[in-house]
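Asker: Supplied in structure tokens, the structure appears directly below.
Just so you know, all these numbers are worked out from the coordinates, no wet-lab data involved. Because the structure is predicted, anything quoted here is derived from the model rather than measured. Every residue, glycine as well, gets a Cβ built from its backbone with ideal geometry; the counts of neighbours run over all protein chains shown.
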Amino acid sequence: MRLDLEAKSFGPRQVLGTLTLSVTRGERLAILGPSGIGKSTLLRILAGLDRQYQGQLQGAERLAMVFQEAVLLPWRDAVANITLPTGCDATTARDWLSEVGLEGHETKFPRQLSVGQQRRLALARAFAAGPDILLMDEPFASLDAATAARMLALTDALLNRTGAGAVLVTHDPAEARTLGALALHLGGCPARFQKD
Amino acid sequence: MTQTQNSRPSRPGLVPGVLSVLAMLVLWTLASQLTDRPQTLPAPWEVAARILRLASGGELWLNGGMTLFRVAASFALAMAAGMALGLWMGRSRAADHWLNPGLIILLNVPALVVIVLCYIWIGLNETAAILAVALNKIPVVTVMIREGTRALRPDLDDMARVFRMSPLTRLRHIVLPQLAPHIAGAARAGISLIWKIVLVVEFLGRSNGVGFKIHLLFSSFDVEGVLAWALAFVAVMLAIDLFLLRPAERRANRWRQDAA
């Protein structure tokens, strides 16, 4: 997929300037930058969640997204939390649950899972959608260091296995290095990619 | 010998409820015995005997059934229309701006005016009766569902859009579960309001139903009959609340409870 962005504004304030970004299966990008620079806004444009911008978004790849929080359906159990959003069958959902180490938790509701388990469920949901490109919006930011490291390793392994591309939004360059992602730094006002 | 230890302090059981009903019955009995004109306030057992006579004669089932049918029809109509309007107004700012004045007017038009106009414009028939009741209830449901819709979680909405969930799946698995408490609240508040308005509608323009019977009894100042019909129907509505609406509400909220 390829984004040619000319400008993105919230009211009179222009947040993002001219920038080009393209990613395909197998490629990994990391969008880095300080808080409030527009990283998440850029990811929302890529995800198709924000269409109020000037520019062009091309590509028909299947997308999946991992959010800052798990964003699960609290009224459905773990399996249904995968099958309902992705449309996959229950067997596939169970396979993905065991893939992220959640076997035995299939019938539990999100409230009965720990925060780390909820995040792994969200990751299983994203991969069950069979994405060509996985979009991740600071997925490890609100986790403790050990859990974040485990999640990062798990994400890396699953990306390797499925061959999916990834766009990771983060403020931590170490996460980008661990994933082996090409780091793009957002900076300036309105924000553009800056050369290192 | 007061029982102070209770293993489940949050559920006091039936005792206070039963005692308070008994106290009301005692008060009623005393008042009925003290009054010098027994026909204005008959004793509880006389009313009970009248209810039994109505039930055994079949009259209670026929007229109560007609009233219940009107309650059910206008309830279904009001809930369906109110939910559709509430969802629309909660989701679309433009729809809210355009429809809100009408909603406020409808909320403030007296029930009686709506009923009279429906009978004049549509005629003295079942359609007019059911529509009049539903029109009285729709704005209330709409407001409650609109508030619930405004409080829908935007993060779940984003998730559904990224994963391209179909509109029907989203409605069923994302929107309705979040609205369930509001729907249950609107339903329970609605059913009691609706059956009161149904009686007025029957009083004014129908030839059967509890409201019609009360109309007849009113012309002969038959307090015993009025009380018998009213209490019998209150019992029916309480039973519907206890055995239909509350269990439905509990089922909708089941996911909130942690496994102990």
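Asker: Sequence gap at least 6, Cα distance under 8 Å: using those rules, report the relative contact order of segment A:124-196 to the nearest whole percent.
Answerer: This gives 29 percent for segment A:124-196.
Asker: Rounded to the nearest 20 Debye, what is the dipole magnitude of chain A about its Cα centre when Lys and Arg each give +1 and Asp and Glu each give -1 at the C-beta?
Answerer: On the way: 21 positive and 20 negative charges, 60 e Å.
Magnitude of the dipole: close to 280 debye.
Asker: Would you mind calculating the gained length between B:LEU245 and B:ALA76 on full extension (0.36 nm times residue separation, minus the Cα-Cα distance), in nm to one decimal?
Answerer: Numbers: separation 169, 0.36 × 169 = 60.84 nm, distance 1.34 nm.
Computed gain between B:LEU245 and B:ALA76 is 59.5 nm.
Asker: Within a 10 angstrom radius of the beta carbon, how do A:MET65, B:MET79 rank from fewest other beta carbons to most? It would help to have the intermediate numbers written out before the result.
Answerer: Details: A:MET65 28, B:MET79 21.
With the sparsest Cβ surroundings first, the list reads B:MET79, A:MET65.
Asker: For the residue pair A:ARG150 and A:THR24, what label-to-label distance in nm results when each label sits 7 Å from Cα along the Cα-to-beta-carbon direction?
Answerer: 3.7
Asker: Where q = 0.16, 0.19, 0.21, 0.32 Å⁻¹, what log10 of I(q)/I(0) comes from the Debye formula for segment B:32-79, counting one point per Cα?
Answerer: -0.64, -0.72, -0.76, -1.02
Asker: Cut-off under 25 Å on the C-alpha distance; same-chain residues fewer than 8 positions from A:LYS39 excluded. Which lysines are left, in chain and number order?
Answerer: A:LYS8, A:LYS195
Asker: Evaluate the Kirkwood expression for the hydrodynamic radius of segment B:1-155, namely the inverse of the mean inverse distance over all pairs of different C-alpha atoms, and round to one decimal in Å. Don't jump to the answer; show the numbers that get you there.
Answerer: Details: mean 1/r = 0.0491 Å⁻¹.
Computed over Cα pairs of segment B:1-155, the Kirkwood hydrodynamic radius comes out at 20.4 Å.
Asker: Would you mind checking the tilt of helix B:15-34 against the longest principal axis of the Cα atoms of chain B, expressed as 0 to 90 degrees and rounded to 10?
Answerer: 40
Asker: Sum -39500 (n - 2.57) across every DSSP H segment of at least 4 residues in the protein assembly as shown, then divide by the residue count to get the 222 nm mean residue ellipticity, nearest 500. Numbers along the way, then the final one.
Answerer: Values: 18 runs with 265 residues, N = 456.
Taking each H run of at least 4 residues, the total per residue is -19000 deg cm²/dmol.
Asker: Take the alpha-carbon positions of segment B:48-250, form their convex hull, and give its projected area averaged over all directions (one quarter of the hull surface) in nm². List each step's numbers first, then the result.
Answerer: Numbers: hull surface 52.7 nm².
About 13.2 nm², averaged over all directions.
Asker: Hey, got the average number of other protein chain Cβ atoms within 10 angstrom for residues in A:68-76? Write out the running numbers ahead of the final one.
Answerer: Values: counts 1, 2, 2, 8, 3, 8, 6, 11, 4.
Taking the mean over all residues of the peptide, I get 5.
Asker: To continue, here is another question. Magnitude of the Cβ-charge dipole of segment B:145-260, K/R +1 and D/E -1, about the Cα centre, nearest 20 debye? Don't jump to the answer; show the numbers that get you there.
Answerer: Numbers: 16 positive and 10 negative charges, 113 e Å.
Roughly 540 debye, rounded to the nearest 20.
Asker: Here's another thing I want to ask about it. Whole-Hz ³J(HN,Hα) for each residue in segment B:194-201, computed from phi via Karplus 6.51 cos²θ - 1.76 cosθ + 1.60 with θ = phi - 60°, x for glycine and proline: what do you get?
Answerer: 5, 6, 5, 6, 4, 4, 5, 4
Asker: Further question on the same structure: Set Lys and Arg Cβ to +1 and Asp and Glu Cβ to -1, take the dipole of segment B:48-250 about its Cα centre, and tell me which of B:ALA151, B:ILE130, B:LEU217 lies farthest positive.
Answerer: B:ALA151
Asker: Related question: Rounded to the nearest whole Å³, what is the per residue volume of the convex hull around the Cα atoms of the protein assembly as shown? Kindly include the intermediate steps, with their values, before the conclusion.
Answerer: Values: hull volume 100.8 nm³, N = 456.
In the protein assembly as shown, the Cα convex hull volume per residue is 221 Å³.
Asker: I've got another one for you. How far apart, in nanometres, would the label points at A:GLN194 and B:ILE120 be if each is projected 7 angstrom from Cα along the Cα-to-Cβ direction?
Answerer: With each label placed 7 Å out from Cα toward Cβ, I get 7.4 nm.
Asker: Now for a separate question. List the relative contact order of segment B:48-250 as a percent without decimals, with contacts defined as Cα pairs under 8 Å and 6+ residues apart. The partial results should precede the final answer.
Answerer: Details: 199 pairs, mean separation 58.9, N = 203.
It comes to 29 percent, rounded to a whole number.
Asker: Roughly how tilted is helix A:115-128, in degrees to the nearest 10 and between 0 and 90, from the longest Cα axis of chain A?
Answerer: Here the helix axis deviates by roughly 80 degrees.
Asker: According to the Cα gyration tensor, what semi-axes, each the square root of 5 times an eigenvalue, does the equivalent ellipsoid of chain A have, listed from largest to smallest in whole Å? Show your work: numbers first, answer last.
Answerer: On the way: eigenvalues 176, 58, 49 Å².
They are 30, 17, 16 Å, listed from largest to smallest.
Asker: Quick one: 3J(HN,Hα) in Hz for segment A:133-150, Karplus 6.51/-1.76/1.60 with θ = phi - 60°, rounded, Gly and Pro as x.
Answerer: Residue by residue, segment A:133-150 yields 9, 9, 9, 10, 9, 6, x, 10, 5, 9, 9, 6, 4, 5, 4, 4, 5, 5 Hz.
Asker: Compare the Cα positions of B:LEU107, B:PRO177, B:ALA78 along the charge dipole of segment B:48-250 (+1 at Cβ of Lys, Arg; -1 at Cβ of Asp, Glu; about the Cα centre) and return the one farthest towards the positive end.
Answerer: The residue sitting most towards the positive pole is B:PRO177.
Asker: Only residues of segment A:28-48 count here: report those whose backbone N is under 20 Å from the spot 7 Å along Cα→Cβ of B:ARG153, or say none.
Answerer: In segment A:28-48, the label zone of B:ARG153 (backbone N under 20 Å from the point 7 Å along Cα→Cβ) covers A:44.
Asker: Something else: Name the residue, out of A:ASP172, A:ASP50, A:ASP137, whose mean-square fluctuation peaks in a Gaussian network model built on chain A with Cα pairs under 10 Å.
Answerer: Looking only at A:ASP172, A:ASP50, A:ASP137, the largest GNM fluctuation is found for A:ASP50.
Asker: Using modelled amide H (1.01 Å from N, peptide plane; none on Pro or chain starts), what sits under 5 Å from the amide H of A:MET65, excluding residues fewer than 5 places away?
Answerer: When sequence neighbours closer than 5 places are left aside, the close amide H contacts are A:LEU135.
Asker: Report, as an integer, the average count of C-beta atoms from other chains found within 10 Å of each Cβ along B:170-183.
Answerer: 2
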